[in-house]
1. Are any residues in the stretch 110-131 touching an Asp or Glu at 6+ places or on another chain (Cβ under 6 Å) and at pLDDT 90 or above, and if so, which ones?
2. Does residue 1 fit the bill of being free of Cβ contacts under 8 Å to residues at least 24 places away in the same chain, open to solvent by 30 Å² or more (accessible area, probe 1.4 Å), touching a Lys or Arg at 6+ places or on another chain (Cβ under 8 Å) and hydrophobic (A, V, I, L, M, F, W, C)?
3. Condition (residue is surrounded by 11 or more Cβ atoms within 10 Å (Cβ to Cβ), of a type in the set (Gly, Ala, Ser) and closer than 30 Å to residue 259 by Cα) applied to the stretch 110-132: is it met by at least one residue?
4. Scan the stretch 111-130 for residues that are assigned to a helix (DSSP H, G or I) and among the aromatic types (Phe, Trp, Tyr) and report the count.
5. Go through the residues of the stretch 103-119 one by one and say whether even a single one is among the small types (Gly, Ala, Ser) and in contact with a helix residue (DSSP H, G or I) (Cβ under 8 Å, 6 or more places away or on another chain).
6. Limited to the stretch 17-37, what total is found for residues that are over 15 Å from residue 109 (Cβ atoms) and of a type in the set (Ser, Thr, Tyr)?
7. Every residue in the stretch 1-19 that is under 30 Å from residue 90 (Cβ atoms) and at pLDDT 85 or above, please.
8. Name the pairs whose Cβ atoms lie under 7 Å apart, with the first residue in the stretch 159-171 and of a type outside the set (Ser, Thr, Tyr), the second open to solvent by 60 Å² or more (accessible area, probe 1.4 Å) and outside any loop (DSSP other than H, G, I, E, B), and 6 or more positions between them or separate chains?
Amino acid sequence: MDYFRQKGQERPSVQKNYPDVQFHLYVQSVEAVLYLDMSGESLHRRGYRKRGGEAPLKETLAAAIVALSGWRERGGTILDPMCGTGTILIEAALMYSDSAPGLFRSYFGFLGWSDHDEILWRRLVNEAMVREEEASKKEWPLFIGYDCDKKAVAAARKNIAAAGLDERIHIQYGEFASLLPPKKRGTLISNLPFGERLLEEEVVVQLYRGMGRIARERLSGWWLALFLMKPEMTDLFSISWLEKYRLFNGALPCRLLVGEVSEPQETEFIWRLPEPTKIDDDFANR
């Protein structure tokens, strides 16, 4: 700015939040790389999130979890009993409604380029909106979310309303221990607490074991897709997983466990024990 002032020219104006054109300069040792920013901000920001929780799941990662769960192929009810701010349910509903990712965004980096074709861009956006409108006419499955944190429930409802899905996704306050699933079978998808500190980790161990027990008791025939940030806790649920996907949440190695809750097996009660097999007397004495 001093350079332009000394030349007697007007002070350049810099728009920090939504600049027309944004550059990123990375300097290392004697080399520098200059990037022109096409998106303007990270593309994981879809534009609907108004409130975030303590550890919000990025929209792109939530979409990947839904896709890998197999729910899109199976269909049916989708349930998140620890929904937080509702990101997984919103991404699932946007997939079902054939909504283009980022359709809610009003700003992209390329909008300020001199070669940007505004007419073409508006046509593409209108086509995406028509596809979304057509998909809204089909029959919708149940989208249900619970959380024991009232602030998270309030945040989820704000985000769902911002995404235009408040008539499609039902959010309630409640604990997983009191979960009563709907009659129709479906898929339970959830980003589970991971317990960063030692005391929290002990609580999480009990939570995972209890979750496995409740799933076996109440969710027979349901599919589970559980996202963990502690891969070593995979076996705590006592469920046979069909898929174990390796994913990263930032730099944290995680697992997505996918499997079906089998029907409870009734074992026949044995009234009489079988006769003991005759064994060598010397061995029996020992």
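1. 131
2. On the way: free of Cβ contacts under 8 Å to residues at least 24 places away in the same chain: yes; open to solvent by 30 Å² or more (accessible area, probe 1.4 Å): yes; touching a Lys or Arg at 6+ places or on another chain (Cβ under 8 Å): yes; hydrophobic (A, V, I, L, M, F, W, C): yes.
It is true that residue 1 is free of Cβ contacts under 8 Å to residues at least 24 places away in the same chain, open to solvent by 30 Å² or more (accessible area, probe 1.4 Å), touching a Lys or Arg at 6+ places or on another chain (Cβ under 8 Å) and hydrophobic (A, V, I, L, M, F, W, C).
3. no
4. Let us first name the residues in the stretch 111-130 that are assigned to a helix (DSSP H, G or I), namely 111-112, 118-130.
Next, only the ones that are among the aromatic types (Phe, Trp, Tyr) stay: 121.
Qualifying residue count, the stretch 111-130: 1.
5. To start, the set of residues in the stretch 103-119 that are among the small types (Gly, Ala, Ser) comprises 106, 109, 112, 114.
Next, from what is left, pick out any that are in contact with a helix residue (DSSP H, G or I) (Cβ under 8 Å, 6 or more places away or on another chain): none.
The answer is no, given that none of the residues of the stretch 103-119 is among the small types (Gly, Ala, Ser) and in contact with a helix residue (DSSP H, G or I) (Cβ under 8 Å, 6 or more places away or on another chain).
6. 2
7. Of all residues in the stretch 1-19, those under 30 Å from residue 90 (Cβ atoms) come to 15-19.
19, the sole residue that qualifies.
8. That search, which allows pairs on different chains as well, returns 171/157.
The values are calculated or read from the model by the stated rules, or taken from the named source; none is laboratory data. The structure displayed is predicted, hence computed values, not measured ones. Neighbour counts are summed over all protein chains in view; Cβ atoms, including those assigned to glycine, are modelled from backbone coordinates with ideal geometry. SASA here: full protein model, heavy atoms, side chains in, ligands and nucleic acids out. Shrake-Rupley method; radii C 1.70, N 1.55, O 1.52, S 1.80 Å.
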